[in-house]
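Report on the structure given below.
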Amino acid sequence: MTGYLKRRNKTISSKKTDIITGTYIGSQRGYGFVRPADSVRQDIYIAEKNAGSAFHGDTVEAVILSKAKDGTHEEGKIKRVTKRAADRLVGIYKTNGRKAFVCPDDSHFAQVLKVRKENSGNATNGCKVVAAIIEYGKFGKEPEGKIEEVLGHVNDPGVDILSIAKSYGLPESFDERLLHLAEQENKAVRQTDTAGRMDLRDLPVITVDDESAKDLDDGVSLTVSDGIYHLGVHIADVSHYVRERSLLDKEARSRGTSVYLADRVIPMLPQALSNGICSLKEKEDRLTVSCLMKIDRTGRVTDYSIAESVIRVKHRMTYKQVDAIIEDSMTGKEKRFSDVAEMIRCMGKLSDILRTRRGARGSLDFDFPETRVVLDRNGRAIDILPYERKAASRLIEDFMLLANETVAENFYWQEVPFLYRIHEKPDPEKIQALNGLLGRYGHTLHFDNGEIHPGELQKLLHDIEGKPEENIICHLTLRSMRQARYSAENAGHFGLAARYYCHFTSPIRRYPDLLIHRIIKETISGRMNDKSRAHFDKILPGAADDLSRLERRADDAERETVKMKVAEYMKNHVGDVYSGIISSVTGWGFYVVLPNTAEGLVHVRRLNDDFYEFKEETHELTGERTGRVFRLGDPVKIIVADADKVTRTVDFDLYEE
């Protein structure tokens, strides 16, 4: 049956086939977009009056009101909400006379939640709260909420990051029963635990991590004979202590991953395990799963074995200490590592060989400086700076990548159920758009039957190394990539140019690795029978989807925490002048990234010398009268105009000398 919608005195047919299912993306200004589930159709514009009761993230059905014109989106109307994304919000509780409301922290929400007196609990003006949504409202009618939890005053130390954790539904702690179960497992390794395991306690195993790390889940060892490198990657056997279907396992599965926020870690496992018996502590016996590889001078794995093992770490080392040995700049403090110094130098050589081999096959290496936030004792940001990878961190990364590939390839050919880490080929349209932008910088990409090979992108990254446009092209290239995810089906890893890849090396902080360890142990022990295969075949597809979602949740929370702390730091530098690079150009202005990694917006309304037109195809803002152009990669000087912790934004003005 055909229905009809009236709009602007025109009657528009609304057939069943015109109903679009998708996700509603809200905005602070009230309007929003529906992102169609089929990912083929463009986003549909939804005016505020046509959004109904939809909140950001909801799954909705929409009907089309008008077709797209040049440079515009189709316009639609929310017909109904089929699934709510959230039933509670985190925000600031405010009062105005007798009225009270919650202003959500998430900038995607235009609505404030009205809170009646009987639903305000013990909240006071200026508190951060968690509010349950009891009425979603609609155009002309405010949504309503009820205060569930008061997190503290907005200015109290730690409340800002706690608010982010709450908004993403991250757990605060473990209940007493789980803590007790973990403590029961936190006992020294016994002789009965090591029975049947490969005894590798005489190997010179070292761990290499940050100074502050406590959950040490990977160790490495290396010997060389007859020109062959014997590399051991030894991973904590968490599955020995966290058994499938146990309460500890169910909790770890629900968390999916540890989350590393600026001032705290929300671990996947209780500390008695993550920092205790599972952590590869110096001079203590630990149960592990080892991948032992023989590697020739070209970096090719010529033979390998995967075994349950027991190790005893010789030294717990930091990246700085390993760098000092590789760079031959040891001080007196590093002399105590002289017994492994030659091994570490050989590790450095092997790392170079492995990196060269990966590069030759087309593996992409986005060497972006991550943001390191320095906090004072009250949790306030006092510095932000780029965290650069040096030889030691690259060395460990190279060894972990090789172990992950080796394990994935082994189990692929054994044809047992497995959980792969896959990275699909980029969207052809996005790559073509990238190629169009590259022409402005004198670069071009070559396609093979319309598809791009990772080696072509790797060549691009090599060509721009050290050039002014390096950072911006790296970001543009990364934005054209799909997101890596977990899958029960092997589809290869485009970014690594790897046919087989998995996550095997971090079972303390990632549930997929723990799941893989169970599959490994079932297989190498001979217990992978038809019943086990059927079990893993049943659980792996759902686990892949859930664990990919939980990983994105953790990444988003970590990213938002950094953005908030960057805004907090830059607030103290309002009026300061910096040099930066234009990192993105939009219709509302352009973003500038600074050497300290902070990024801020120069809004188009702050460009007072002209009216600027946005050219989407070239990512440029061009002055109508002056012809002045702002484009990607351009160097600019800015002055910090404002910064807001709540919205996690930084605003710049152009600095005109």
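The values are calculated or read from the model by the stated rules, or taken from the named source; none is laboratory data. Remember, it's a predicted structure, so these values are computed and weren't measured experimentally. Don't worry about glycine lacking a Cβ; one is built from the backbone with ideal geometry, like all the others, and counts go over all protein chains shown.
Worth a mention:
- Candidates are the residues of segment 643-657 that are surrounded by fewer than 15 Cβ atoms within 10 Å (Cβ to Cβ) and charged (D, E, K, R); the one that is modelled with the lowest pLDDT is GLU657.
Here is a yes/no grid of residues against (1) under 28 Å from LEU269 (Cα atoms); (2) free of Cβ contacts under 8 Å to residues at least 60 places away in the same chain:
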position	(1), (2)
ARG421	yes, no
ASP427	no, yes
SER487	yes, no
PHE494	no, no
ALA497	no, no
SER506	yes, no
TYR511	yes, no
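- Residues that are under 11 Å from GLY145 (Cα atoms), surrounded by 14 or more Cβ atoms within 10 Å (Cβ to Cβ) and of a type outside the set (A, V, I, L, M), drawn from segment 80-90: ARG88
- Single residue of SER39, SER53, SER107 found to be modelled with pLDDT of 90 or more and within 32 Å of the chain's Cα centre (by Cα): SER53
- Which listed residue, of LEU269, LEU273, LEU248, LEU280, is in contact with a Gly (Cβ under 8 Å, 6 or more places away or on another chain) and within 20 Å of ILE516 (Cα to Cα): LEU280
- In the set (1) crowded, with 17+ Cβ neighbours inside 10 Å; (2) in contact (Cβ under 8 Å) with a residue 60 or more places away in the chain; (3) closer than 29 Å to GLY32 by Cα, the condition left unmet by HIS108 is number (1).
- Yes/no for ALA534 being of a type outside the set (Asp, Glu), surrounded by 13 or more Cβ atoms within 10 Å (Cβ to Cβ), under 30 Å from ILE516 (Cα atoms) and assigned by TED's automatic domain parsing to the domain that holds LEU375: no
- Counting the residues of segment 152-178 that are closer than 16 Å to ASP106 by Cα and not charged (D, E, K, R) gives 11.
- Which listed residue is surrounded by 14 or more Cβ atoms within 10 Å (Cβ to Cβ), over 30 Å from VAL585 (Cβ atoms) and modelled with pLDDT under 90, from GLU334, GLU409, GLU405: GLU334
- In summary, ASN155 fulfils each of the numbered conditions (1) over 18 Å from ILE508 (Cα atoms); (2) in contact with a strand residue (DSSP E or B) (Cβ under 8 Å, 6 or more places away or on another chain) with the single exception of condition (2).
- Residues in segment 418-440 include at least one that is modelled with pLDDT of 95 or more and among the aromatic types (Phe, Trp, Tyr).
- When segment 137-167 is filtered for residues that are under 13 Å from ARG88 (Cβ atoms) and surrounded by fewer than 18 Cβ atoms within 10 Å (Cβ to Cβ), the ones remaining, listed by number, are GLU148, GLU149.
- A single member of ILE344, ILE306 is surrounded by 17 or more Cβ atoms within 10 Å (Cβ to Cβ), farther than 30 Å from ARG190 by Cα and at pLDDT 95 or above, and it is ILE344.
- Residues in segment 203-236 that are in a loop (DSSP other than H, G, I, E, B) and either within 21 Å of LYS521 (Cβ to Cβ) or in contact (Cβ under 8 Å) with a residue 60 or more places away in the chain (or both): LEU203, PRO204, VAL205, ASP210, GLU211, LYS214, ASP215, LEU216, ASP217, GLY227.
- Members of segment 442-476 that are part of a loop (DSSP other than H, G, I, E, B) and either of a type outside the set (D, E, K, R) or at positive phi (or both): GLY442, HIS443, THR444, LEU445, HIS446, PHE447, ASN449, GLY450, ILE452, HIS453, GLY466, PRO468
- Restricting segment 188-201 to residues that are over 15 Å from ALA307 (Cβ atoms) and loosely packed, with under 10 Cβ neighbours inside 10 Å, the residue that is nearest to the chain's Cα centre (by Cα): ALA188
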